Amino acid sequence: MDKLLIDGGVRLEGEIRVSGAKNAALPILCAALLTPEPLVLSNVPRLNDVRTMQTLLGQMGVKAERDDGTLTIEAGHVDWPLAPYELVKTMRASILALGPLVARCGEARVSLPGGCAIGLRPVDQHVKGLLAMGAEIDLDHGYIDAKVRRLAGTRFVFDVVTVTGTENLMMAATLADGVTTLENAAREPEVVDLAECLNAMGAKVTGAGSDRIAIEGVERLHGASHAIMPDRIETGTFLVAAAAAGGDVTLTGACAATLEAVLDKLAEAGATLTVDDGSIRVARAAPLKSVSLRTAPYPAFPTDMQAQLMALMTLADDTAVITETIFENRMMHVQELKRLGADIEVESSTAIVKGVRALTGANVMATDLRASACPTFALPHAW
Ligand code: EPU
C-alpha cells in the first residue's frame, strides 16, 4: 500500500482486537534458530516485517508454515548462516539472527544494517558482547563475520541500553558454556517475552525485565509453544487515535501493564481510561490538555509513541514540550504535521508544540513506521 486517503472529522467508536507485538515476534522468530525442533508461535502479527523474517530464515534452510495466527518454524538444519545485505537493508531487525546463528552454528555472516530514517543506529554493542563471549569477529565489506567453537559465559555491561542488543546476546548466551550476566540490559516487555519463550525451549534465563539478566548456558534447546505478547505500541497508537478524535474505543487482547507511561500521559491529557482484564477503554469528552514528555528506555515513555503523542498535542489547550532522547533524527513527522497546520518549533531534539484550533487535510509523507501513523489520526481533528 503506497497511499492512504483519510477523510477526517469522524468520531472513532467501537472495539478493536490488538495484534501480537511486532518487536516481540521478530526476535522470537530468530530464537527458532537455536533448536532443530519446531517452535510453534501463536498470535503472530500479519506484517511485512514478519514475512521478511520468514524469507530470511527460509534462505538459511529453515522451514516456516503459517496457519492463521500460528507460525511453526523448524530449523532442523541451518544450511547457510547468512543474512544478506538485500534483506537486512529492508529490515534492520535481521541483525537479531546474529546471536542465535553464532551460538547454534559456530559461525555467521550478517550484513551491517547501516543507518536509517530515525538515526545512525550502530550495532557496536551486539558485536562487543559477542567478542566478550569469545567470538572472533571481522568486519568485512559491510558484513559482520563471526566465528567461535563455543561461546563462553561472561559478564557484559552495555555502554547504552539497547533492546535488540540485549535480545541478541541473551539468545546467544542460552547455548554458551557457563553463566552470562548482562548488565545495564534493556527492560522492555519484549525482552521479557523473548526470555519466556527461551525458557519454554529449555533455556535458563532469569532477571529479564530488570537491568541485570543472568543466563546459564545449556547444551541444547528443544521445541516449544509460545503466544506472542500483545503489541503495546499498536495499543497505544489506537488509544491516542481515539483520544484525538474525542471517541470511545475499547481495545481487547491488550496488556495495560506494559504501557503505563503512555496511559499516564493520556490521562493527564484529559482522556478517560478504563482498564479491565485484557481490555482498555478510552474515551474523551473534555478538551485536550497539553502535556510534556521525554522519551527514555522502558519503563519510561517509549520513543515508538513519541510521534503519536505529538500529533495529539497539536490541538491541546496550551504548549507541550516533547524531547526525544533515544534516536537523533526522530522528528521527521514535525514537518508533516506542520503541513496540516500544526504549530511546532524544533530545537535540537526537543519539539515545542503549541496547540492550534484545528488542523486541515494536506498531502503528507510517511517517514518511519510510527511517524506514518501520526498524521493519519491527527486528521480527525479537522472538523
Ligand atoms: N545503540 C548503540 N549501539 C548499539 C545499539 C544501539 O549506540 O549497538 C543506540 C541506538 O543508536 C539508539 C539507542 O542505542 O540511539 C537505542 O537503540 P536500540 O538498540 O534499543 O534500538 P533497536 O533495538 O534497534 C528497538 C525497536 C525499535 C525501538 C527501539 C527503542 C525492534 C525490532 N526495534 O530497536 O522499534 O524504537 O528498540 O525502543 O525491537 C519500531 O518498532 O518502530 C522501532 C523503531
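The values are calculated or read from the model by the stated rules, or taken from the named source; none is laboratory data. This structure is a prediction, so every number in the text was calculated from the model and none was measured. Please note: Cβ atoms are built from the backbone with ideal geometry, for glycine as well, and neighbour counts cover all protein chains shown. Each accessible area value is taken on the protein alone, full model and side chains, heavy atoms only, with ligands, DNA and RNA left out. Shrake-Rupley method; radii C 1.70, N 1.55, O 1.52, S 1.80 Å.
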*So which pairs qualify, if the first residue must be in the stretch 119-140 and free of Cβ contacts under 8 Å to residues at least 24 places away in the same chain, the second must be outside any helix (DSSP H, G or I), the Cβ gap must be under 6 Å, and the two must be at least 6 apart or on different chains?*
Val127/Ile137; Leu131/Ile137; Gly134/Val148; Gly134/Leu151; Gly134/Ala152; Glu136/Lys147; Ile137/Ala146; Asp138/Asp145
*Please list, ordered by first then second residue, the pairs with beta carbon atoms under 7 Å, 6 or more apart or interchain, first in the stretch 207-218 and in contact (Cβ under 8 Å) with a residue 40 or more places away in the chain and on the phi < 0 side of the Ramachandran plot, second small (Gly, Ala, Ser) and open to solvent by 20 Å² or more (accessible area, probe 1.4 Å).*
Ile213/Gly207; Gly217/Gly153; Gly217/Gly178; Val218/Gly202
*Name every residue in the stretch 174-193 that is more than 10 Å from the ligand (Cβ to nearest atom) and either touching a residue at least 60 places away in the same chain (Cβ under 8 Å) or open to solvent by 50 Å² or more (accessible area, probe 1.4 Å) (or both), in order of residue number.*
Thr174, Leu175, Ala176, Asp177, Val179, Asn184, Arg187, Pro189, Asp193
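From the list Ala152, Ala132, Ala146, exactly one residue is more than 8 Å from the ligand (Cβ to nearest atom), within 17 Å of Ile95 (Cα to Cα) and surrounded by 14 or more Cβ atoms within 10 Å (Cβ to Cβ). Which is it?
Checking each option against the conditions leaves just Ala146.
Can you report the number of residues in the stretch 155-173 which are within 11 Å of the ligand (Cβ to nearest atom) and open to solvent by less than 20 Å² (accessible area, probe 1.4 Å)?
Going through the stretch 155-173, the residues within 11 Å of the ligand (Cβ to nearest atom) turn out to be 158-169.
Narrowing further to those that are open to solvent by less than 20 Å² (accessible area, probe 1.4 Å): 158, 165-169.
Total meeting the criteria: 6.
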_For the stretch 209-228, which positions are within 16 Å of the ligand (Cβ to nearest atom) and surrounded by fewer than 24 Cβ atoms within 10 Å (Cβ to Cβ)?_
Gly209, Asp211
*asked:* I'd like to check something: does the stretch 288-306 contain any residue that is modelled with pLDDT of 90 or more, within 16 Å of the ligand (Cβ to nearest atom), open to solvent by 40 Å² or more (accessible area, probe 1.4 Å) and not in a loop (DSSP other than H, G, I, E, B)?
replied: yes
*Between a first residue in the stretch 219-236 that is under 10 Å from Ala254 (Cα atoms) and a second residue that is hydroxyl-bearing (Ser, Thr, Tyr), which pairs have beta carbons less than 6 Å apart while being 6 or more apart in sequence or on different chains?*
Asp231/Ser19; Arg232/Thr258; Glu234/Ser19
